[in-house]
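The values are calculated or read from the model by the stated rules, or taken from the named source; none is laboratory data. The structure presented is a predicted model; accordingly, all values stated were derived computationally and were not measured. Counting neighbours? That spans all protein chains shown, and the Cβs are built from the backbone with ideal geometry, glycine included.
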Amino acid sequence: MHVFVVLCRLAWRYLWRNHRRTIVMLSAIAIGAWAMIFMTALTRGMVDQMIVDGISVIPGHVLIHDPDYLDDPSVNNRVALSDAELDERFGGAGFAGWSSRVRVPAIVTSERESRGVTLLGIDPEAERSFAFFDYDDVDGRFLEAPDDKGVVLGAKLADTLETRVGKRVVLMSQDPDNEIADRGFRVVGLFHAEMDATEESFAFVGKRTAQDMLRIGDSVSEVVFVGDDYRDVEPVYEKVAALVDDSVRVSRWTEVDTYLGTMMGMMDGFMLIWVIVIFLALSFGLVNTLVMAVFERIREIGLMLALGMKPAMILGQIIIESMMLLAVGLLIGDVLAWVTIKPLEGGIDISIVAEGMEMFGASSTLYPSFDIDDVILANVVVMILGFLASLSPAWRASRYEPVEAITKV
Amino acid sequence: MNIVLRLAWRNLWRHSRRTWLTIGAMVFSNVLLVFMISLQFGMYGLMIDNTLKVFSGHMQVQAPGYKDDQKMRQVVPDVQPLAAHLRSELASDTIAARGWAFGLASSAERSYGIGIYGVEPDFEPQVSNIPGLIEEGRYLDDTNATEIVIGTMLARNLRIGIGDELTLLGSGVDGSFAAAVVNVVGIFGSGVKEIDRNIAQMPLGAFQDIFYMNGAGHQVVLLAPDLGQADILQARVETALSDDSDLVVHGWDELQPGLKQAIQADMSSAFFMYGILVILVAFSVLNTQLMSVLERTHEFGIVMSLGLKPGRLGRLVMLETAMMGFIGMILGALAGALFTTWFTVNGFTYPGMEEMVANFNLPGRVYPRATLVSSFAGPLVVFLFTLAAAVYPALRLHRLHPVEAMRTT
């Protein structure tokens, strides 16, 4: 232990012998660390927001469909369980929230225009806790019961259709026999969403009303379940899977929205690659610094060896030197990142590229998120890789022949 | 060889390991830069091409307001004569008239809402990719035939093939009910799900009949020889439109605002990353050159007392840096181009890429191509930063006092 303390003190002093070199290297490491964390915070913030927005249009963490539904979301591919059976199976199972929906492609027509939408027949009460959007923040009113006769459209869609609360629209789809199924609805409410695409794509009606219109009795297109955390849906998934047989397909939300699912998985990969790339760019300088530090004190190293210091000590001392350099640099970088990210956490307005961000599925305010796990990961990865990179110069330094080293000019 | 050059060259290799490590840092960053920039701009090109050549062209003539609302009645009257007029006025073939309507397409088994384009069979191939993507059957050939070409996914979802009938339902330009039965004559496959699932093309003449267009359409699509010439063409189109017409010309960036912004957003985050890489390399160089100046203090003292001006020594240091930077630039550009070329042949993809890029109308595998610009843009910037990094060590020489310098060992 005592030896270790001495080695540390030695390493620290060596570090400041050539303070200019150390300061240049420290700045490089600090900038690198800052960039790692800052960039990750921005990206992490964007992805988090995308997932929150994205889940809000599924919504549900685990879903049950007919096996063919995801590929062919037609009225013919319905869940092979009636409403009564669903209640019996899931009603008492203690889910944080669950509901069933009719979800089919449809066309909405006003006296002026027609547009394609996803028709959602929902049970508003059952879904309230995990709603698509805040059901209270609706112009007019939201649906009140499964047999509500009204329709709620997005504000943007209503604009295009030139309709408004109180006017009538026609929804048109197909029934299981491919007969046209249509019905007039009074627009009772207009909802607002983070993204235009959401406002344009959905029409909400009561579940019973939708079932009547589509002539599908009491069957539904999907059953959804929510758990406590969208990042970890396995417990819910397993619970649901245990309650059904293979006449239906149970999916996690990441499988339904593959873009977001991929995005979430990709985020960690991106983070790691970015950290490694920066480290590699730094590593050349780090190794260079160590090589120089060893080179300019070959004679001292020779002397120490001649006086009986073990090669392992030399090796250890140089590695400690490298670790200290990295640790101080990382610390400065971490602090710098924290200082720059904190003031931005209220959100960065990037509405200048709002429509572009919408293509990514992101909204126009970016909330950087300073995630402590990301910071730890970046620091640990750099320390480990830094350790590996310093092995070679340190090893070479410890292998000098004392006599040769001392006499070296 | 000039004596200064020879001196600089020899100084460079005094510590060959250090020099190679510094060059290594440059080459590493350069390879990354060349590859990333080639990939990035290749993808932007594809994004623009795929989006513009399927949907919007480089510019469109439309009725005012149509761009934002896409309402049926915001028409371009007598659209074919207008397109013909523009073709002769501008002496260009890459101009075609289109109509667009939303409708419900029903086969014997299924119904889906789709976007239906009415196109001129003779001219559409000049402005759109779709006619060239026909996988089965043939493209449209007669402007009045009640025929339609649809995407592969739509054909699969509707469960129909060549020769089958498709019923279209929608609303006409005056809001009246429009219906027709058309024959599927061709199926196209673009590889992008959204396109293959949601779009169909039929002859403009038949389209006008079905939707009561009375000779009108919604857009005249124009394609410039390349994107760079789009602005010039747009100005010519504006003058070619008669003065009393209230039609407007929109460029691609107005028609697809998301596309340009997505590129901008992506570019700014990419340039942030490139900037960090370049700065890290610059620090590496700064460190090396500072060391190389400091360790020669004694030697510099001697030559200065012999009458050498500090400015000349400074130029020597800059020359050394330039040599090192030049080697780094050439090696980096070559290695980067080679690395990129490997992907030009084999294609670049990663797990999940298909889901990630589908929003941008990109295929799941791209083939980046290293051009002269993409191979040298990054390395050149690195070279310039390398030179800038050597300024401080070079200027330090002016502060050197010959006698004191000679005393340092």
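When the residues of segment B:358-399 are filtered to those that are out of contact with any helix residue (DSSP H, G or I) (no Cβ under 7 Å at 6 or more places or on another chain) and basic (Lys, Arg), the one that is surrounded by the most Cβ atoms within 10 Å (Cβ to Cβ) is B:Arg365. Hey, among the residues in segment A:350-376 that are out of contact with any helix residue (DSSP H, G or I) (no Cβ under 7 Å at 6 or more places or on another chain) and modelled with pLDDT of 85 or more, which one's farthest from A:Met50 (Cα to Cα)? By that ranking, first place goes to A:Ile376. Considering only residues in segment A:94-113 that are more than 8 Å from chain B (Cβ to nearest Cβ) and either under 22 Å from A:Ala155 (Cβ atoms) or charged (D, E, K, R) (or both), the one that is farthest from the chain's Cα centre (by Cα) turns out to be A:Ser110. The condition of being surrounded by 19 or more Cβ atoms within 10 Å (Cβ to Cβ) and either away from every other protein chain (no Cβ under 14 Å) or on the phi < 0 side of the Ramachandran plot (or both) holds for only one of A:Ile348, A:Ile320, A:Ile372, that being A:Ile320. Taken over segment A:214-247, the criterion of being in contact (Cβ under 8 Å) with a residue 60 or more places away in the chain and either closer than 30 Å to A:Val108 by Cα or in the same structural domain as A:Ser364 (by TED's automatic domain parsing) (or both) is satisfied by A:Leu214, A:Ile216, A:Gly217, A:Asp218, A:Ser219, A:Val220, A:Ser221, A:Glu222, A:Val223, A:Val224, A:Phe225, A:Val226. The single condition among (1) more than 23 Å from the chain's Cα centre (by Cα); (2) within 14 Å of chain A (Cβ to nearest Cβ); (3) buried (at least 19 other Cβ atoms within 10 Å of the Cβ) that B:Glu320 does not meet is (2).
Within segment A:273-287, identify whether any single residue is over 30 Å from A:His19 (Cβ atoms) and either within 11 Å of another protein chain (Cβ to nearest Cβ) or in contact (Cβ under 8 Å) with a residue 24 or more places away in the chain (or both), and answer yes or no. Yes; the residues of segment A:273-287 include at least one that is over 30 Å from A:His19 (Cβ atoms) and either within 11 Å of another protein chain (Cβ to nearest Cβ) or in contact (Cβ under 8 Å) with a residue 24 or more places away in the chain (or both). For segment B:167-183, a tally of residues being within 13 Å of chain A (Cβ to nearest Cβ) and more than 15 Å from A:Ile107 (Cβ to Cβ) returns 3.
Note on segment B:236-247: among residues that are in contact with a strand residue (DSSP E or B) (Cβ under 6 Å, 6 or more places away or on another chain) and crowded, with 16+ Cβ neighbours inside 10 Å, the one that is nearest to the other protein chains (Cβ to nearest Cβ) is B:Leu247. Just wondering, is there one or more residues in segment A:202-209 that are surrounded by fewer than 19 Cβ atoms within 10 Å (Cβ to Cβ) and within 14 Å of chain B (Cβ to nearest Cβ)? No.
In the set (1) surrounded by fewer than 17 Cβ atoms within 10 Å (Cβ to Cβ); (2) touching a residue at least 40 places away in the same chain (Cβ under 8 Å); (3) closer than 23 Å to A:Trp274 by Cα; (4) away from chain A (no Cβ under 14 Å), the condition left unmet by B:Ala337 is number (1).
If you go through segment A:114-162 and keep only what is of a type in the set (A, V, I, L, M), under 32 Å from the mean Cα position of the chain (by Cα) and more than 28 Å from B:Gly103 (Cα to Cα), you end up with A:Ala126, A:Ala131, A:Val138. Exactly one residue out of A:Arg9, A:Arg115 is surrounded by fewer than 22 Cβ atoms within 10 Å (Cβ to Cβ), in contact (Cβ under 8 Å) with a residue 40 or more places away in the chain and basic (Lys, Arg), and it is A:Arg115. Scanning segment B:130-180 for residues that are of a type in the set (S, T, N, Q) and either touching an Asp or Glu at 6+ places or on another chain (Cβ under 9 Å) or not assigned by TED's automatic domain parsing to the domain that holds B:Leu204 (or both) turns up B:Thr143, B:Asn144, B:Thr146, B:Thr152, B:Asn157, B:Ser171.
Per the conditions (1) in contact with a Gly (Cβ under 6 Å, 6 or more places away or on another chain); (2) modelled with pLDDT of 90 or more; (3) closer than 30 Å to A:Thr365 by Cβ, the sole criterion not satisfied by A:Glu199 is (2).
Taken over segment B:115-145, the criterion of being assigned to a loop (DSSP other than H, G, I, E, B), of a type in the set (A, V, I, L, M, F, W, C) and either within 14 Å of chain A (Cβ to nearest Cβ) or in contact (Cβ under 8 Å) with a residue 60 or more places away in the chain (or both) is satisfied by B:Leu140, B:Ala145.
Out of the residues in segment B:340-370 that are among the aliphatic types (A, V, I, L, M) and within 14 Å of chain A (Cβ to nearest Cβ), state the one that is nearest to A:Tyr259 (Cα to Cα).
Of segment B:340-370, the ones among the aliphatic types (A, V, I, L, M) are B:345, B:353, B:356-358, B:362, B:366, B:370.
Add one more test, that the residue is within 14 Å of chain A (Cβ to nearest Cβ), and what stays is B:353, B:356-358, B:362.
On the way: B:Met353: 9, B:Met356: 6, B:Val357: 8, B:Ala358: 8, B:Leu362: 13 Å.
The extreme case among them is B:Met356.
The number of residues in segment B:9-56 being at the interface with chain A (Cβ under 10 Å from one of its Cβ atoms) and charged (D, E, K, R) comes to 2. Listed here are the helices (runs of 4 or more DSSP H) enclosed by segment B:316-409 that have at least 1 residues being closer than 24 Å to B:Gln289 by Cβ: B:372-396, B:402-407. Checked against (1) within 14 Å of another protein chain (Cβ to nearest Cβ); (2) in a loop (DSSP other than H, G, I, E, B); (3) at pLDDT below 90; (4) crowded, with 16+ Cβ neighbours inside 10 Å, B:Glu109 passes all but condition (4).
When segment A:118-134 is filtered for residues that are within 14 Å of A:Leu190 (Cα to Cα) and crowded, with 19+ Cβ neighbours inside 10 Å, the ones remaining, listed by number, are A:Phe132, A:Phe133. Of the set (1) in a loop (DSSP other than H, G, I, E, B); (2) within 11 Å of another protein chain (Cβ to nearest Cβ); (3) small (Gly, Ala, Ser), all apply to B:Ser269 but (1).
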